[in-house]
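Please read the structure below before turning to the comments.
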Amino acid sequence: APNYNYGASARTEFTPTRIWDDGTFTYFAFPRNAPVPAIFRYAGGRERTVNTQTPEDGVIRVSGVNRQWVLRLGEEVVCIEAIPPAEAAS
């Protein structure tokens, strides 16, 4: 079942409207006509580049699943973090 439990650190013009994963890929949905940021996997205190699929209907598919992601557009940064199921239920 898809996991939709992700939070964003800020609301910007490129903050995804929805984020989910299917256990293999993570999907980032962006508003129509929104600028598309660079997406990085955050692990071990470092940002790592990832393979992204070109947006289709505003949705970018990223290889892999990760607890934390960093989205960058120019000087702006949005951090995305998976919310553990226990917290999501409360």
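The values are calculated or read from the model by the stated rules, or taken from the named source; none is laboratory data. What you see is a predicted model, and the numbers here were worked out from it, not measured in a lab. Because the Cβ atoms are built from the backbone with ideal geometry, glycine has one as well, and the counts that use them run over all protein chains shown.
Below, the figures for the structure above:
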{"read-out": "Failed item, numbered, when N51 is tested on (1) exposed (fewer than 15 other Cβ atoms within 10 Å of the Cβ); (2) out of contact with any Ser or Thr (no Cβ under 6 Å at 6 or more places or on another chain)", "value": "(2)"}
{"read-out": "Filtered residues of region 59-69 (kept if under 17 Å from A8 (Cβ atoms) and either assigned to a strand (DSSP E or B) or in contact with a Lys or Arg (Cβ under 6 Å, 6 or more places away or on another chain) (or both))", "value": "V59, I60, V62, N66, Q68, W69"}
{"read-out": "Residues (of a type outside the set (D, E) and either farther than 17 Å from V70 by Cβ or in contact with a Leu (Cβ under 8 Å, 6 or more places away or on another chain) (or both)) located in region 6-27", "value": "T12, F14, T15, P16, T17, R18, W20, G23, T24, F25"}
{"read-out": "Subset tally (residues that are touching a residue at least 12 places away in the same chain (Cβ under 8 Å) and closer than 26 Å to P84 by Cβ) for region 35-50", "value": "8"}
{"read-out": "Among the candidates R46, R32, R72, R67, residue that is basic (K, R) and in contact with a Pro (Cβ under 8 Å, 6 or more places away or on another chain)", "value": "R72"}
{"read-out": "Residue in region 1-42 that is modelled with the lowest pLDDT, counting only those that are among the polar types (S, T, N, Q) and either within 12 Å of L73 (Cβ to Cβ) or surrounded by fewer than 12 Cβ atoms within 10 Å (Cβ to Cβ) (or both)", "value": "N33"}
{"read-out": "Close pairs from region 1-16: first closer than 13 Å to N33 by Cα and in contact (Cβ under 8 Å) with a residue 12 or more places away in the chain, partner among the hydroxyl-bearing types (S, T, Y) and part of a loop (DSSP other than H, G, I, E, B), Cβ under 9 Å, at least 6 apart", "value": "T15/S9"}
{"read-out": "Those residues of region 58-86 which are farther than 22 Å from N5 by Cβ and in contact with a strand residue (DSSP E or B) (Cβ under 9 Å, 6 or more places away or on another chain), in sequence order", "value": "R72, L73"}
